[in-house]
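What follows is a set of notes on a single structure, which appears directly below.
Derivation of every value follows stated rules applied to the coordinates shown; laboratory data play no part. Note that the coordinates shown come from a computational prediction; the quantities given were computed from them, not determined experimentally. Here the Cβ is made from the backbone with ideal geometry for all residues, glycine too, and neighbour counts use every protein chain on show.
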Amino acid sequence: MKNLPISIQTFEKIIEGGYLYVDKTHYLHQLINQGAYFFLSRPRRFGKSLLLTTLKSFFQGREDLFRGLFIHSQEKEWKQHPVVHIDYSFVEYRKDRATFEKSLHNHLVRIGNEYKIKLENTIIADAFIELVQKLHQQSDKVVILVDEYDKPLVDTLSNEEKFMENREVLRSLYGTMKGLDAYLRFVMLTGVSRFAKVNVFSGMKSTLCFHDLPRRCICGERRV
């Protein structure tokens, strides 16, 4: 009997470690082929990080990890896409705004380094745009995965001033996505709060379709 993947949130580690994995890749196949922009709102410890790492492995073309799973029988071509995986556990957002901006910029720099891309811009929004455009030029359309997009907000709810500062930083980052549509293959953001309540996606609602209920999009469209 396989061991349970207790406290393991990385798809690659589960598969390579021989842990028990319940195949739900038929849902991933639907997501990947039926849309390009998704938002998932669920409490913490509901498997959001595992979902994103599974998507990351798929878009990186890691066919070896999916052998024996549903999606492997459906995909004919395992095309590699550059992946921008933003994880706020690597970002310092509890101090002052300057520290948050610097730490978030460093996170983007590290992602760029993985693809041997050097970022010239020091402003968050500009650096993010530069990263996506250079990744697209270097390879193919870009995949953006954001793990707990609202973590810098949820963790500072008791400090209104800090909350507002963090919201402005996030707004400058997320607000660029609408203009980057031509460079993007797939976008998924997860969080614990509904994006409409947070107000960090300025101008995006008319373009993006965020899913935050199990079977119905908040725009009213029925989803599987």
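Considering the options Leu153, Leu108, Gly47, tell which one lies farthest towards the positive end of the dipole of the chain, charges being +1 on Lys and Arg and -1 on Asp and Glu at the Cβ, about the Cα centre. Projecting each Cα onto the dipole axis, the largest value belongs to Gly47. Relative to the dominant Cα principal axis of the chain, helix 48-59 is inclined by about 70°. Working value for the chain: equivalent-ellipsoid semi-axes of 28, 20, 19 Å, each the square root of 5 times a Cα gyration tensor eigenvalue, largest first.
Which of the peptides 87-95, 17-25 is most tightly packed, and how do the rest follow, going by the mean number of other Cβ atoms within 10 Å of each residue?
Details: 87-95: 15.7, 17-25: 13.4.
The most tightly packed comes first, giving 87-95, 17-25.
Could you compute Rg(Cα) / (2.2 N^0.38 Å) for the range 65-146, with N its residue count? Mind dumping the intermediate values first?
On the way: Rg = 15.6 Å, N = 82, 2.2 N^0.38 = 11.7 Å.
Rounded to two decimals, the normalised Rg is 1.33.
Rg and Dmax over the alpha-carbon atoms of the range 1-87 stand at 12.9, 38 Å.
For the chain, what does the helix formula give at 222 nm: sum of -39500 (n - 2.57) over DSSP H segments with n ≥ 4, over the residue count, nearest 500 deg cm²/dmol?
Working: 9 runs with 89 residues, N = 224.
Taken over the chain, the calculation gives -11500 deg cm²/dmol.
The share of alpha-carbon pairs in the range 121-164 lying farther apart than 17 Å comes to 55%.
Annotation: amide H of Gly61 within the under-5 Å range of His81, sequence separation 5 or more or interchain, hydrogens built in the peptide plane.
Taking Cα atoms, how many degrees apart are the long axis of helix 25-34 and the longest axis of the chain, rounded to 10 and kept between 0 and 90? The answer is roughly 60 degrees.
Compared with the dominant principal axis of the Cα atoms in the chain, helix 124-138 is inclined by about 40°.
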